[in-house]
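Notes to accompany the following structure.
The values are calculated or read from the model by the stated rules, or taken from the named source; none is laboratory data. Just so we're clear, the structure is a prediction, and the values are computed from it rather than from any experiment. Cβ placement follows ideal geometry from the backbone for every residue including glycine, while neighbour counts extend to all protein chains displayed.
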Amino acid sequence: MSPPVLVTPRLEIRPLQREDAAEVQHIRALPEVARYQWWEPADPPEVERLAVAQEGREPGARGTWFQFVMVLRSSGMLIGDIGLHSPADADAEVELGISLDPAHQGEGYAAEAMRAMLGFSFDVLRVHRVRCSTDPRNRACIRMLEALGMRREAHFRESLWFKGAWADDLVYAILEQEWRG
């Protein structure tokens, strides 16, 4: 199986490529995006290295992140990225993470991309459970996860040393049967 290109009504979600490096790094460097992200690539070559490292790898390979980008079908503009993590120690589970250019937030693109990735995770990767982790201050992300049918499973208080301070972590998840229901 080669890495998929997922097509939604407004988006093409495809594997990260070297040519995407400058745009992905720019979006992730924006303060309103970086505020909630662990991965803050210092420069485009760091993003290029990730793109090269995942060449030939399948999404869902145990112990890896696989990065996709979201591109507007109408213009070809890259507006964000979405990662799929398959923990080395978890059977039939993946974690999703998303970053979206603030200029395109509030338009439903993140939910559209997440819906496609949930479908891919359950239908193609055949996982049992998908989870997401978010900062409790990221209200827009929480609303989106709940609108997708994900439920809050945990609120870990000051569980992460994140950007120089202790931070809370919310964990949301959805099971395959919940997704299909």
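What is the number of the single condition among (1) more than 17 Å from Glu95 (Cα to Cα); (2) more than 15 Å from the chain's Cα centre (by Cα); (3) in a loop (DSSP other than H, G, I, E, B) that Arg62 does not meet?
Among (1) more than 17 Å from Glu95 (Cα to Cα); (2) more than 15 Å from the chain's Cα centre (by Cα); (3) in a loop (DSSP other than H, G, I, E, B), the lone unmet condition for Arg62 is (1).
In the set Leu11, Leu6, Leu50, Leu16, which member is crowded, with 16+ Cβ neighbours inside 10 Å, at pLDDT below 95 and either of a type in the set (A, V, I, L, M, F, W, C) or within 28 Å of Pro136 (Cβ to Cβ) (or both)?
Leu50
Looking at (1) surrounded by 13 or more Cβ atoms within 10 Å (Cβ to Cβ); (2) touching a Lys or Arg at 6+ places or on another chain (Cβ under 9 Å); (3) not in a strand (DSSP E or B), can you tell me which one Val71 breaks?
The number of the failed condition is (3).
Within the range 123-181, considering only strands (runs of 3 or more DSSP E) that don't extend past its boundaries, which have at least 3 residues that are among the hydrophobic types (A, V, I, L, M, F, W, C) and at pLDDT 95 or above?
Where strands (runs of 3 or more DSSP E) fall fully within the range 123-181 and carry at least 3 residues being among the hydrophobic types (A, V, I, L, M, F, W, C) and at pLDDT 95 or above, they are 165-175.
Can you report the number of residues in the range 22-59 which are part of a loop (DSSP other than H, G, I, E, B) and among the basic types (Lys, Arg)?
2
Output the number of residues of the range 1-16 satisfying the condition of being assigned to a loop (DSSP other than H, G, I, E, B), within 16 Å of the chain's Cα centre (by Cα) and more than 16 Å from Met114 (Cβ to Cβ).
3
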